[in-house]
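Engineer: Handing you this structure, nothing more for now.
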Amino acid sequence: MRTQVAIIGAGPSGLLLGQLLHKAGIDNIILERQTGEHVLGRVRAGVLEQVCIDLLDEAGVGERMHKEGLVHSGIEMLFDGQRHRVDMNKLTGGKNVMVYGQTEVTHDLMNARQAEGLPTVYEAHNVKVHDFDTTRPRVTYEKNGQTHPIECDFIAGCDGFHGVCRASAPRSAISEYEKVYPFGWLGILADTPPVCEELIYVNSPRGFALCSQRSKTRSRYYLQVPLTDKVEEWTDEAFWQELRLRLDDEAREHLVTGPSFEKSIAPLRSFVTEPMRFGRMFLAGDACHIVPPTGAKGLNLAATDVKYLSSAMIEFYQEKSEAGIDTYSQRCLGRVWRAERFSWWFTSLMHRFPDDGAIVAKFQHAELDYLMHSESGQRMIAENYVGLPLDFGS
Ligand code: APR
Ligand code: PHB
């Protein structure tokens, strides 16, 4: 079999890339290790930046997002028992974010791919990438006991943190940067109305909490927990009780509790691989960078990698120019490091670290207090939160 671009991974990165390439007349195949249901079963974040919204529109999959997604123009910050609103819209000259779950984004992309009859091989086992240091790379995979070869012009490694593509790049050509945080996020989904119209990010003496949502009737809440905690040990009752203790009086009063239908603990990590290109193989999304979820940047970064990558490939085929593919890694990494910096900073500001004494909590409060009383401080948060422009700094 032959295709122009072999895409490994049918998460949001791979699916969005496939769609953007298809719109430009570039054929592609997606190989995914799991079943489609498994991919849709993963619960992840749900805040889309404007550039991500625009990309989903460009890919032709924005209709349901505009109908069901919730536009948010601000966030709330709670510390020292007081809530402060960051008016993102006002501070960024009219920018907002959209609350729309990653699961829904993935669903819309899968449906569009299926409707257009584009090839996706689910349960593709033992995917291997070959000869990407030449102009004739190949991919092989196993399915139903047979090995299938695919010849292609490019390989797109959209296969997440545990994928095969980054692992296949020569060790000597790679630099990796990593920080693992000494706590996790315990998250639940419940069909209860959100406690507040906007998201509340909480710095409390008992640790971080986040009040998020998926719709007017579905809430998503998180608690900072020690990494040694086991999800089975957290009853719904215990979760609600702990959340209450981290909120302010008003939120405590408005909180509607109920049975959760999803509960999990996620570790927090900052991770970057440099470069993001190895000959004719490109990495995008979680395959080459992870952010802690505090800044809601994971999906948005994946989407902008894919934008740069699809533009570079379109330029290659339509204009016979390699300029875009040559600068892909550098362009992405500029944006990646800015988002990594923001996510690390926001995480550090909002969480209790086990080795920090009482003085660090005081530093955090003083910094939050300063930021909330400084327009430029608030603007720094707002412009990073809504997402820096694609051409920022260039
Ligand atoms: N062969 C085929 N597919 C693979 C392989 C492999 N060896 N390894 C991993 N995959 C698949 C996974 O099963 C998964 O469906 O690649 C896909 C990668 O998807 P994601 O992990 O969702 O990564 P990405 O598409 O880059 O999405 C980034 O997801 O984790 C969040 O915060 C992150 O929101 C961001 C988004
Ligand atoms: C979520 O709704 O899952 C969510 C929102 C904001 C974040 C992280 C997660 O910063």
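Engineer: For the chain, what relative contact order do you get, as a whole percent, if you take Cα pairs closer than 8 Å and at least 6 residues apart? Spell out each step's value before the answer.
Structural biologist: Numbers: 781 pairs, mean separation 79.4, N = 394.
Result for the chain is 20 percent.
Engineer: In the chain, what percentage of the DSSP-assigned beta bridges are antiparallel, given to the nearest 5?
Structural biologist: On the way: 55 of 73 bridges.
Here the share of antiparallel DSSP bridges comes out near 75 percent.
Engineer: Still on this structure: Test of understanding: what is the full-extension gain from PHE261 to ARG85, defined as 0.36 nm times their sequence separation minus their Cα-Cα distance? Could you put the intermediate results ahead of the total?
Structural biologist: Working: separation 176, 0.36 × 176 = 63.36 nm, distance 2.99 nm.
Difference between extended and current length: 60.4 nm.
Engineer: ³J(HN,Hα) across the stretch 61-78 via Karplus (A = 6.51, B = -1.76, C = 1.60, θ = phi - 60°), whole Hz, x for Gly/Pro?
Structural biologist: Each residue's phi maps through the Karplus curve to give 10, x, 4, 5, 4, 5, 6, 9, x, 10, 7, 10, 9, x, 10, 10, 10, 10 Hz.
Engineer: Pull out the extension gain between ASN144 and LYS362, defined as 0.36 nm times the separation in residues minus the alpha carbon to alpha carbon distance; nm, one decimal. Display every interim value, and only then the final one.
Structural biologist: Working: separation 218, 0.36 × 218 = 78.48 nm, distance 5.97 nm.
Taking ASN144 through LYS362 to full extension adds about 72.5 nm, to one decimal.
Engineer: If you take the square roots of the eigenvalues of the alpha-carbon gyration tensor of the chain and sort them as a ≥ b ≥ c, do you get rounded (a/c under 1.5), prolate (a/b over b/c) or oblate?
Structural biologist: Working: a/c = 1.83, a/b = 1.69, b/c = 1.09.
In terms of gyration-tensor shape, prolate.
Engineer: Please report the net charge: other residues with Cβ closer than 12 Å to the Cβ of LYS67, K and R +1, D and E -1.
Structural biologist: Details: positive: ARG64; negative: GLU63, GLU68, GLU104, ASP108.
My count for the surroundings of LYS67 gives -3.
Engineer: Sorted by average packing, counted as other Cβ atoms within 10 angstrom per residue and highest first, what order do 380-390, 277-287 take? List each step's numbers first, then the result.
Structural biologist: Numbers: 380-390: 20.1, 277-287: 25.5.
The densest-packed peptide leads the list: 277-287, 380-390.
Engineer: Then there is this: Take every Cα pair under 8 Å in the stretch 97-203 that's 6+ residues apart, average their separations, divide by the length, and report that relative contact order as a whole percent. Kindly include the intermediate steps, with their values, before the conclusion.
Structural biologist: Details: 67 pairs, mean separation 14.3, N = 107.
The value is 13 percent.
Engineer: What order do you get for 109-119, 22-32, 291-301 when each peptide is scored by the mean count of other beta carbon atoms within 10 Å, highest first?
Structural biologist: Details: 109-119: 14.7, 22-32: 19.4, 291-301: 25.2.
Ranking, from highest mean packing down: 291-301, 22-32, 109-119.
Engineer: So between ILE174 and SER348, what do we pick up on full extension, going 0.36 nm a residue minus the alpha carbon distance? Please list the in-between numbers first.
Structural biologist: Numbers: separation 174, 0.36 × 174 = 62.64 nm, distance 2.72 nm.
Taking ILE174 through SER348 to full extension adds about 59.9 nm, to one decimal.
Engineer: How much net charge surrounds ILE200 when only the other residues with a Cβ under 9 Å from the Cβ of ILE200 are counted, with Lys and Arg +1 and Asp and Glu -1? Don't skip to the answer; put the middle values down first.
Structural biologist: Numbers: positive: ARG83; negative: GLU76, GLU198, ASP248.
Net of charged neighbours comes to -2.
Engineer: Quick check on packing: order 361-371, 89-99 by the mean number of other C-beta atoms within 10 Å, highest mean leading.
Structural biologist: Numbers: 361-371: 14.9, 89-99: 17.6.
Put in order of decreasing packing, that is 89-99, 361-371.
We did not get these values from a lab; they are worked out from the coordinates using the rules stated. If you're wondering where the values come from, they're calculated on a predicted model, not measured in any experiment. Every residue, glycine among them, receives a Cβ derived from its backbone with ideal geometry; neighbour counts consider all protein chains shown.
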